[in-house]
Amino acid sequence: MPAEYRENTASNFVRRLYYCVEGVTEIPQKELEFWVQALQEGDVTAAVLGQSFFFSPEEAEHSSLTDDEFMSAASLVYLDRDLMTTDAEMCRERLVTADRRDFFKSMFSSDECAELLSACQIYPGVEDDRYPLDRNVLIKEIEAVRTVRDSQSTPSEEDQTTFTPGYILHNLPAVAMLLVRSVVQDADSWVRGLVGGSLSYSSLDLAWFWVLALYLLLWYAAVPAQDVPVPGLPQGRYRVWCALAALLCAALAFAGCLVWTPTYYQTVYGFQGRYLLPVLPLFLLTCLPRRVQVASGKQSACTLVCCLCVVNAGVLLNAMLAVIAR
């Protein structure tokens, strides 16, 4: 084997396959780059690519390698050393009790092979269940995978034009109309989503009765109890600052979705009520009127817990029935 093929690179791994199995030294550059890219992107493993050489239809029909040559080639490709020059008897004894497939598997699945290939960012992997394995079929499969991946990962030109800060400043009327349409069309789903009445992007919505019940219990849980001081509760001007901080956080969450929205969309893309959950406690603690209070004591707490259990059981029943109805 040429000395330059001993350098541990992805390209030389492919070159060793061509040379050791087929005796080819002049590999078309385009073909070499195709296999190197496929190996490094995970479209084919080192085991499967080697299988398409060592167990190709041509090799299955009329093998060009003797047993000794096969073991020598497999060890050179996957271990970068010739076992037939150091452990020939051991290799021959192994082939007596097994077959070429088992020997091939022992080469690419060894720790030595994994260490060798990981240095050049190649995954050894496992063999395919197809014996023999046609390399032309493998090429078509890799090309199909690349086509699908390219179509999924490449956004269209119109999707790349979004409501960036620069676009917003130069198109304020369009942005205003987008916000109005978003509020008119999506505000109900935001309100639902904040208490779990709308399950993410799915079309499963709870009845408004449960949404209102959840909001009522949320309000009841946040209202201060009578004669029970709440340490650290914002007062005076600090309430204003806390309320502004809550509104600013909500606005930033909304703006994050706005800048990702393509300009041809009619409403803001992706914003959901659950995104406001982190600022909901702060908003409730600062904006609820201080004069409104509820009864204190264990009985009031027990009533709240029991109501929460009943309402959540109704929510689960509503969700289950909605799924069954489909």
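The values are calculated or read from the model by the stated rules, or taken from the named source; none is laboratory data. None of these values were measured; they are calculated from a predicted model. Because the Cβ atoms are built from the backbone with ideal geometry, glycine has one as well, and the counts that use them run over all protein chains shown. These accessible areas exclude ligands, DNA and RNA; they are computed on the full protein's heavy atoms, side chains included. Shrake-Rupley method; radii C 1.70, N 1.55, O 1.52, S 1.80 Å.
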Rounded to the nearest 10 Å², the 1.4 Å probe accessible area of Trp208 is 100
The rounded separation in angstrom of the Cα centers of the stretch 163-218 and the stretch 17-94 is 59
Heavy-atom accessible area with a 1.4 angstrom probe orders Tyr275, Tyr78, Tyr123, most exposed first, as Tyr123, Tyr275, Tyr78
If R0 = 22 Å, then Ser63 and Arg6, at their Cβ-Cβ distance, give a FRET efficiency to the nearest 0.05 of 0.25
When the charge dipole of the chain is computed with +1 at the Cβ of Lys and Arg and -1 at the Cβ of Asp and Glu, the Cα pointing farthest to the positive end, of Ile27, Tyr215, Gly50, is that of Tyr215
For Asp43, the net charge from surrounding residues (Cβ-Cβ under 15 Å; K, R +1; D, E -1) works out to -3
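Sum up the charges of everything whose Cβ sits under 12 Å from the Cβ of Tyr123, counting Lys and Arg as +1 and Asp and Glu as -1, but leave Tyr123 out.
Net of charged neighbours comes to -2.
Can you tell me how much longer the chain between Thr25 and Ala225 gets when fully stretched, taken as 0.36 nm per residue apart minus their C-alpha distance, in nm with one decimal?
Gain on stretching Thr25 to Ala225: 63.5 nm.
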Rounded to the nearest 10 Å², the 1.4 Å probe accessible area of Asp67 is 70
Quick calc, the chain, dipole around Cα centre from Cβ unit charges on Lys, Arg (+) and Asp, Glu (-), nearest 20 debye, gives 3300
Counting only backbone N atoms under 14 Å from a point 7 Å out along Cα-to-Cβ of Thr85, the residues of the stretch 1-33 in range are 1-7
From highest to lowest solvent-accessible area (probe 1.4 Å; ligands, DNA and RNA excluded), Lys30, Lys105 read Lys30, Lys105
Probe 1.4 Å, all chains present, heavy atoms only: Asp102 accessible area in Å², nearest 10, is 80
With all protein chains present, the chain has a carbon and sulfur share of its accessible area (1.4 Å probe) in percent of 61
The farthest towards the positive end of the charge dipole of the stretch 17-78, of the residues Ala60, Gln37, Tyr78, given +1 on Cβ of Lys and Arg and -1 on Cβ of Asp and Glu, is Gln37
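Met177 to Thr303: extension gain in nm, 0.36 nm per residue of separation minus the Cα-Cα distance?
Difference between extended and current length: 40.8 nm.
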Here FRET efficiency (C-beta to C-beta, Val126 to Glu33, R₀ 25 Å, nearest 0.05) is 0.50
Quick calc: nm separation of the 7 Å Cα→Cβ label points for Thr267 and Val148 -> 3.2
Judged on accessible area alone, 1.4 Å probe, highest first, Arg149, Arg100 line up as Arg149, Arg100
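Whole number in Å², please: accessible area per residue of the chain, 1.4 Å probe, ligands, DNA and RNA not counted. It would help to have the intermediate numbers written out before the result.
Values: 19340 Å² over 326 residues.
Roughly 59 Å² per residue, with all protein chains present.
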Diffing the stretch 262-279: the Karplus 3J(HN,Hα) column from phi (6.51, -1.76, 1.60, θ = phi - 60°), in whole Hz with x for Gly and Pro, holds x, 5, 8, 5, 8, 9, 5, 8, x, 6, 9, x, 5, 5, 8, 4, x, 9
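Please give the contour-minus-distance gain from Val310 to Val191: 0.36 nm per residue of separation, less the Cα-Cα distance, rounded to one decimal in nm.
40.7 nm
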Applying the gyration tensor rule to the Cα atoms of the stretch 91-157 (axes a ≥ b ≥ c; rounded if a/c under 1.5, else prolate if a/b exceeds b/c, else oblate), the class is oblate
